[in-house]
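Peer 1: The structure is given below, and queries will be raised subsequently.
The values are calculated or read from the model by the stated rules, or taken from the named source; none is laboratory data. Owing to the predicted nature of the structure, the values given are computational and were not obtained by experimental measurement. Virtual Cβ from ideal backbone geometry, glycine too; neighbours counted across all protein chains shown.
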């Protein structure tokens, strides 16, 4: 399956990478199923305030550390970088569970972002050396299913766990003292990451392939920016399109549980189990399906396959996502989540495969970092706050979450569809430029 490793070992690599990515999403998203208890126990903070903990607090240092992590990943031992990062964010997640004031939780969430900044650049750079170009979309698709596995587990386990802990008195731990239910959840979900950090540490670093430099020095920043500038229309259109996709995705994921609790009267356990199952099963299927479809077209000579699949999935997704939170039938909305989740799960892995096909080895980590900075910072910083701001200041009601999410869907998917469609010719041009320097 791979160039230098057995098929069994590559399966193990994918398992560890996917497990690490899944834990990163759980640690990042578990707060979303505990909005009500957190607001209550931190003094009745507003939706907007809690959205800043969900998004901006995490994204600030996540973004600041992503490009340095990318530079390190393009020069040093990627496996060790990821292992240290996993241990760091897991510890900070547990530290979030010790926060008793708003500012303490805000600062601890910043620390989670610092640790998670190492994973994206290092893992995607390493995957491109473990797998061949034709196999890469499938491999990345498997790892890219992690957000949906993480979302699923966070909802399946988080909802029932918080409901169970809410029904019991506050907990008292030695040295730490009394803890609220949501604090216990954060400590519980953060602990397994320390074990995963050890699993990552024991993996073998793959040999770097497709290098354009014979030495081990980092590519000068001037050359990095020259590379980006030569392909500026491609990066602008693709990153703007993906920014809109990511913004809508995080807006929906951040508030879906609370939307069902407020607007449909469901318990966190009910929506957690329902959507958690959909996210895990359908999200995994969609992510892998996107990679398989793209790989088939690549083998047939379609150079824009990865990006074309993303564009088509966006066009299919648009009308369903816009209607999803407007229907008053909770079960119809739940059924609609199946195709919506399937289509939403395709783009994350395919953008990584897209970037890896146009970048030399020495720039792969930095290209992923550039993407994460340009897209993830803005989307993850502000996406959780956008529905809250619309509900608080435009519609003037906490029950207007559905209208807020639907309004954002129309705006985001309209822009994404146009940008991704226009980007296809620039992607083909970038691929041709890559073939030229490889030859």
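Peer 1: Kindly establish whether residue 108 is in a helix (DSSP H, G or I) and either over 16 Å from the mean Cα position of the chain (by Cα) or within 25 Å of residue 52 (Cβ to Cβ) (or both).
Peer 2: Here the answer is yes, as residue 108 does meet what is asked.
Peer 1: Do we have any residue at all in region 171-187 that's under 29 Å from residue 349 (Cβ atoms), in contact with a helix residue (DSSP H, G or I) (Cβ under 9 Å, 6 or more places away or on another chain) and either in contact (Cβ under 8 Å) with a residue 12 or more places away in the chain or assigned to a helix (DSSP H, G or I) (or both)?
Peer 2: Yes: region 171-187 contains one or more residues that are under 29 Å from residue 349 (Cβ atoms), in contact with a helix residue (DSSP H, G or I) (Cβ under 9 Å, 6 or more places away or on another chain) and either in contact (Cβ under 8 Å) with a residue 12 or more places away in the chain or assigned to a helix (DSSP H, G or I) (or both).
Peer 1: Among the residues of region 4-12, is there at least one that is touching a helix residue (DSSP H, G or I) at 6+ places or on another chain (Cβ under 8 Å) and within 21 Å of residue 97 (Cα to Cα)?
Peer 2: No, region 4-12 has no match at all.
Peer 1: Specify the residue that is surrounded by the fewest Cβ atoms within 10 Å (Cβ to Cβ); the eligible residues are those in region 411-439 that are closer than 26 Å to residue 53 by Cα and touching a helix residue (DSSP H, G or I) at 6+ places or on another chain (Cβ under 6 Å).
Peer 2: For region 411-439, the residue satisfying everything is 413.
Peer 1: In the list 272, 283, 241, which residue meets the criterion of being assigned to a helix (DSSP H, G or I), at pLDDT below 85, surrounded by 24 or more Cβ atoms within 10 Å (Cβ to Cβ) and touching a helix residue (DSSP H, G or I) at 6+ places or on another chain (Cβ under 6 Å)?
Peer 2: Of the residues listed, the single one that is assigned to a helix (DSSP H, G or I), at pLDDT below 85, surrounded by 24 or more Cβ atoms within 10 Å (Cβ to Cβ) and touching a helix residue (DSSP H, G or I) at 6+ places or on another chain (Cβ under 6 Å) is 272.
Peer 1: Another question, then. Among the residues of region 45-58, are any farther than 30 Å from residue 291 by Cα, under 16 Å from the mean Cα position of the chain (by Cα) and assigned to a helix (DSSP H, G or I)?
Peer 2: Yes, region 45-58 contains a residue that is farther than 30 Å from residue 291 by Cα, under 16 Å from the mean Cα position of the chain (by Cα) and assigned to a helix (DSSP H, G or I).
Peer 1: Next question, about the same structure. For region 297-378, list the helices (runs of 4 or more DSSP H) that sit wholly inside it and hold at least 1 residues that are more than 29 Å from residue 404 (Cα to Cα); which are they?
Peer 2: Filter on region 297-378 gives 305-324, 347-358, 361-371.
Peer 1: For region 211-218, indicate whether the set of residues that are modelled with pLDDT under 85, closer than 30 Å to residue 428 by Cβ and not in a loop (DSSP other than H, G, I, E, B) is non-empty.
Peer 2: Checking region 211-218: not a single residue is modelled with pLDDT under 85, closer than 30 Å to residue 428 by Cβ and not in a loop (DSSP other than H, G, I, E, B).
Peer 1: Ok, one more. Would you say residue 278 is part of a helix (DSSP H, G or I), touching a helix residue (DSSP H, G or I) at 6+ places or on another chain (Cβ under 9 Å) and either free of Cβ contacts under 8 Å to residues at least 60 places away in the same chain or crowded, with 20+ Cβ neighbours inside 10 Å (or both)?
Peer 2: yes
Peer 1: Report, by residue number, each residue of region 188-202 that is in contact (Cβ under 8 Å) with a residue 12 or more places away in the chain, surrounded by fewer than 18 Cβ atoms within 10 Å (Cβ to Cβ) and part of a helix (DSSP H, G or I).
Peer 2: 188, 192, 194, 198, 199, 201
Peer 1: Same structure again: Give the residues of region 59-81 that are modelled with pLDDT of 80 or more and outside any helix (DSSP H, G or I), sorted by residue number.
Peer 2: 76, 77
Peer 1: Let me spell it out: the conditions are (1) in a helix (DSSP H, G or I); (2) at pLDDT below 90, and residue 396 meets all of them except one. Which number is the exception?
Peer 2: Going through the list (1) in a helix (DSSP H, G or I); (2) at pLDDT below 90, residue 396 breaks only (1).
Peer 1: Next question, about the same structure. Can you pull out every residue in region 379-400 that is more than 14 Å from residue 250 (Cβ to Cβ) and surrounded by 18 or more Cβ atoms within 10 Å (Cβ to Cβ)?
Peer 2: Residues satisfying the conditions are 390, 391, 392, 400.
Peer 1: A further question on this structure: Report, by residue number, each residue of region 127-150 that is modelled with pLDDT of 75 or more, part of a loop (DSSP other than H, G, I, E, B) and closer than 12 Å to residue 356 by Cβ.
Peer 2: 132, 135
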